[in-house]
Amino acid sequence: MQTITINGRFLGQPQSGVQRFARELTLALDDKIAAGEVPASLMGANWRIAVPRGTPVDIALKTISVDIFGSGPGHLWEQSALHYRSRGGRLIGFGGSGPLFHRRQAVVIHDVTIFRHPQSFKRSYRLLHGAIGSVLTRTAKIGTVSEFSRRELALVFRVPVAGIDVIYNAVDHFEAIEPDERIIDKLGLAPNGFFLLVGTIKPNKNLDFAIRAFEALGNAGQKLVVVGGSAPSVFRSSNAASTSTILYPGRLTDAEIVALERNATAFVFPSLYEGFGIPPLEAMTQACPVLAADIPAVREASGAAALYFDPTKLEELTNAMRRISSDQLLREQLRTAGKTNVARFSWSNSADRVLDMLAEL
């Protein structure tokens, strides 16, 4: 019986977009396997998710078994224990890394931000992940999360674009979350009285730009709420302290974020570079109007459902904030367009693409 192993290292990492992608795709694959909806060449396979010893396994799976073994730093575990354990079978990793010389492996590399915005990362992180990407794009079947990122990977690593598969992110998991409205009172907010940003606090997210644009708005009736944490082991430091109008509540639960999105004037996504851009789509599931940076990956994901601005021109974001605050018809149009847009993506469809990749190995 053939064995298919999912690299479950993501279960021990702080959750950001990459970890969300890995978790939701694993759950979607589990549903497909349970229903027997897999390619003929994968029927009857033994599916497992491999995790380092000591990792909290907080994922409910029906069919995929959990295999706990080995220890040590994540990359060392991948190159040694995971490589040995998964030899002879197929291996899939959703977080951009894996055993460098596993010959039946598929890996999803989300973007090339370390090359496009190297100043955002520590040198050791850049060197390590740049080397891993260079090897994996030549030894593994590669997937990524958008057509834009597909072209970027091919260009940076000098590999054929035709050899890279696109597996879109999705946000259908977000639609069923019940809001925790207590966060509104806790932060002292009023409905339609604040702009919302959600994401890891790091330089390429263009946080300072959004703050300056908000300050230029000069609207005493609005606040700016920035949700998310930083990862000091990966990114260069970003210091943030709350004021009376700009709030940094740190990491929040999905239920709290949903409540904020349902009450916000608009969701703001000022990023300079993305491989896809999940946060705007999550906001769209909650009928929250979106103001988004006019960059290729975000255009690809958000389509006509966002009000775009140049993320290098402060006045464009300030004007967009002012316009969305006063134009109720525009807010309603964006809410409707957002609901239509997110229907293009689903974890089930993305899981089908992963199964196809594994069948091709």
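I'm checking my understanding of the structure. Among residues of segment 258-276 that are out of contact with any Lys or Arg (no Cβ under 9 Å at 6 or more places or on another chain) and of a type in the set (Gly, Ala, Ser), which one is nearest to residue 20 (Cα to Cα)?
In this case the residue turns out to be 275.
Restricting to segment 137-154, and then to whatever is among the hydrophobic types (A, V, I, L, M, F, W, C) and in contact (Cβ under 8 Å) with a residue 40 or more places away in the chain, can you tell me which residue is surrounded by the most Cβ atoms within 10 Å (Cβ to Cβ)?
The residue in question is 145.
Which of the residues belonging to segment 246-287 are among the small types (Gly, Ala, Ser), within 16 Å of the chain's Cα centre (by Cα) and assigned to a loop (DSSP other than H, G, I, E, B)?
Result: 271, 275, 277.
Among the residues of segment 36-60, how many are surrounded by fewer than 19 Cβ atoms within 10 Å (Cβ to Cβ), in a loop (DSSP other than H, G, I, E, B) and at negative phi?
Count: 10.
Is it true that residue 121 is within 30 Å of residue 243 (Cα to Cα), among the aromatic types (Phe, Trp, Tyr) and not assigned by TED's automatic domain parsing to the domain that holds residue 227?
Yes, satisfied.
In the set 49, 4, 68, which member is β-branched (Val, Ile, Thr), out of contact with any helix residue (DSSP H, G or I) (no Cβ under 6 Å at 6 or more places or on another chain) and more than 20 Å from residue 142 (Cα to Cα)?
Going through 49, 4, 68 in turn, the sole match is 68.
Please go through segment 340-361 and give me each residue that is within 30 Å of residue 323 (Cα to Cα) and either without any contact (Cβ under 8 Å) to a residue 24 or more places away in the chain or in contact with a Ser or Thr (Cβ under 8 Å, 6 or more places away or on another chain) (or both), ordered by number.
Correct list: 341, 342, 343.
Mind listing whichever residues of segment 64-89 are of a type in the set (A, V, I, L, M) and within 25 Å of the chain's Cα centre (by Cα)?
64, 66, 76, 82
Counting only residues that are of a type in the set (D, E, K, R) and either part of a strand (DSSP E or B) or modelled with pLDDT of 55 or more (or both), which one in segment 215-242 is nearest to the chain's Cα centre (by Cα)?
Result: 223.
Please tell me if residue 137 is modelled with pLDDT of 95 or more and under 21 Å from residue 278 (Cβ atoms).
Spelling it out, it is not the case that residue 137 is modelled with pLDDT of 95 or more and under 21 Å from residue 278 (Cβ atoms).
Quick one: in segment 16-35, of everything that is over 13 Å from residue 350 (Cβ atoms) and at pLDDT 95 or above, which residue is surrounded by the fewest Cβ atoms within 10 Å (Cβ to Cβ)?
In this case the residue turns out to be 35.
So, in segment 325-361, of the ones that are of a type in the set (Gly, Ala, Ser) and not in a helix (DSSP H, G or I), which residue ends up surrounded by the fewest Cβ atoms within 10 Å (Cβ to Cβ)?
The qualifying residue surrounded by the fewest Cβ atoms within 10 Å (Cβ to Cβ) is 343.
Would you be able to say whether some residue in segment 101-120 is farther than 26 Å from residue 166 by Cα and buried (at least 16 other Cβ atoms within 10 Å of the Cβ)?
no
Taking only segment 313-339 into account, find how many residues are in contact (Cβ under 8 Å) with a residue 60 or more places away in the chain and among the polar types (S, T, N, Q).
2
The values are calculated or read from the model by the stated rules, or taken from the named source; none is laboratory data. Remember, predicted model here, so these are calculated numbers, not experimental data. For neighbour counting, all protein chains shown are included, and Cβ atoms are generated from backbone atoms with ideal geometry for every residue, glycine included.
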